[in-house]
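The values are calculated or read from the model by the stated rules, or taken from the named source; none is laboratory data. Because the structure is a prediction, the values reported are computed rather than measured. FYI the Cβ positions are ideal-geometry reconstructions off the backbone, even for glycines, and counts take in every protein chain you see.
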Amino acid sequence: MYKEKLHSNTGVAILLIAGILFLAGLPRGIEAENAPTETTAPPVTMFQVRFLADGKTVGTQTVPEKEPLEKTPEVSLPGLIFAGWEDQNGHLTELKGLEIWADRTFTARLYPDLTSHAAYLFPDQNGAIRPDDPLTADDLAAALTALVVPGGEEYLPGMPEGDYSVTGETVGQVLSKCFPGGVEVPETETVTRGEFAVLMNGLLSRGGDETAVVADAVPYPDLSLGRADAADLLDAAVPHTPDPEGEELVEAFLDQTWAPGFFLMGGNLYCADESGQLLRDADQGDFHFLPDGRYTSGDEELDELVSGLLADWIAEDPGADRDTIMRKAYLYVRDLPYLSSPLHGFGETGWEIDAAKTMLTKHRGNCYNYAGAFCALARGLGVDAWCVSGRVFSYATEHGWVEANIDGTIYVFDAQQEARHIQWHTGSGDFEMYMMTYDFAAQWQYRRPAR
């Protein structure tokens, strides 16, 4: 029996060994098919996207690698216009749908908002708008400063400064930094103030029929409403509010007339005819008026000297009448120092303008300079005055003085002799040679040539 059991166990062992050997000989692929499986997804890379506007973070996003941006932050800042997003190289980039491969920062491109609808073309100290004069660097800077909405001041570009005229290229370069898409300006040597008004109104979508003038607007005598750019110039020069309906801007000025006769605006003399229209390139007695309506002595330098002084005196006393300002002009000339200079012959003419300019620039001169300066100032006020080269005293000394026809009476004005009298009489101010009749002046034996 023992032998039979041993034989049986041996057979079982042989079968087990055979099975093990069989399984060991199977291909590994078959084993793998029957083995359980486990899979691990690769890690997803996330990138940070940051949005900056006016130096501040206005939004962040975490975006999976290669995924597109679906939205960007809204940008609304006082005084600024948003024009898009810049990449790290400063290039405008369309962000919607842009695939993200790395951490990115995008910066808002901002421009100053110039839609304040303010006046931006300003008259000079004499109240003239000067539409045909060249635009200066200071004009350009003043215009953009006036137009910018509060909050956008720091985004105004750096601008040239000075009273020199700017070229079309310069105007284009400056404005291109203020308007998305840039600005094209003809590369001319100068841009007139009128051309600038038309250009700016086009960029700002304003002008003419789209605006209404405030009720107390003051017109500019040197601006003719017959000009093609008149509406643009008025829109640029007069403070107003938008009015999408009407043509009130032009109509407010079409109804404007002046009282007939001479009047001052700033330091310039104008004259209106009987219908209330300005005289332009025309004469009124011995007074000549330029095409822009201003009186001229015939010498531009003298005109500027006179209008500057008159403007200052009027600004000091806005309610003063003509006689008060004329008296101030006389005292101004009287108190300038005397300087001995060559005399002029009896009845000699042609020296008046040079004598006046010398006195008003060098601030000293002889009797002819005193006469020329006061005469120029009086005429700048609309007084019918003229210089006289005659003689005085019993010994017939050559002398210059001023005469004026005021309300049909001829009066004598002698600033130099009055100054001399005050000097000789230790500053006594109770002696006047201002607006003397010839009866009163006879004591000094004035002798004048026939006019």
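Scanning region 55-98 for residues that are more than 25 Å from L144 (Cα to Cα) and touching a residue at least 40 places away in the same chain (Cβ under 8 Å) yields one hit, V58. Whenever a residue of region 267-291 is free of Cβ contacts under 8 Å to residues at least 40 places away in the same chain, its partners that are surrounded by 15 or more Cβ atoms within 10 Å (Cβ to Cβ) and basic (K, R), lying with C-beta atoms within less than 9 angstrom and at least six residues away or across chains, give the pairs F289/R280; L290/R280; P291/R280. Strands (runs of 3 or more DSSP E) fully within region 14-132 that include at least 2 residues being β-branched (V, I, T) and modelled with pLDDT of 90 or more: 56-64, 104-112.
Against the conditions (1) surrounded by fewer than 21 Cβ atoms within 10 Å (Cβ to Cβ); (2) in contact with a Phe, Trp or Tyr (Cβ under 6 Å, 6 or more places away or on another chain), D133 satisfies every one except (2).
Just one of the listed residues (A378, A373) is under 16 Å from H344 (Cβ atoms) and in a helix (DSSP H, G or I), and it is A373.
Considering region 383-406, the residues that are aromatic (F, W, Y) and modelled with pLDDT of 95 or more include one that is nearest to the chain's Cα centre (by Cα), namely W386.
Screening G298 against (1) at pLDDT below 95; (2) within 30 Å of L223 (Cα to Cα); (3) assigned to a loop (DSSP other than H, G, I, E, B) leaves a single unmet condition, (1).
Is at least one residue of region 247-261 at pLDDT 90 or above and either surrounded by fewer than 21 Cβ atoms within 10 Å (Cβ to Cβ) or not small (G, A, S) (or both)? Yes: region 247-261 contains one or more residues that are at pLDDT 90 or above and either surrounded by fewer than 21 Cβ atoms within 10 Å (Cβ to Cβ) or not small (G, A, S) (or both).
Scanning region 342-362 for residues being more than 18 Å from A378 (Cα to Cα) and either in contact with a Lys or Arg (Cβ under 9 Å, 6 or more places away or on another chain) or assigned to a helix (DSSP H, G or I) (or both) gives a total of 3.
When you check T409 against the structure, is it surrounded by fewer than 15 Cβ atoms within 10 Å (Cβ to Cβ) and either within 46 Å of the chain's Cα centre (by Cα) or modelled with pLDDT of 95 or more (or both), yes or no? So T409 passes the test. From the list Y332, Y368, Y338, the lone residue that is crowded, with 20+ Cβ neighbours inside 10 Å and either hydroxyl-bearing (S, T, Y) or modelled with pLDDT of 95 or more (or both) is Y368.
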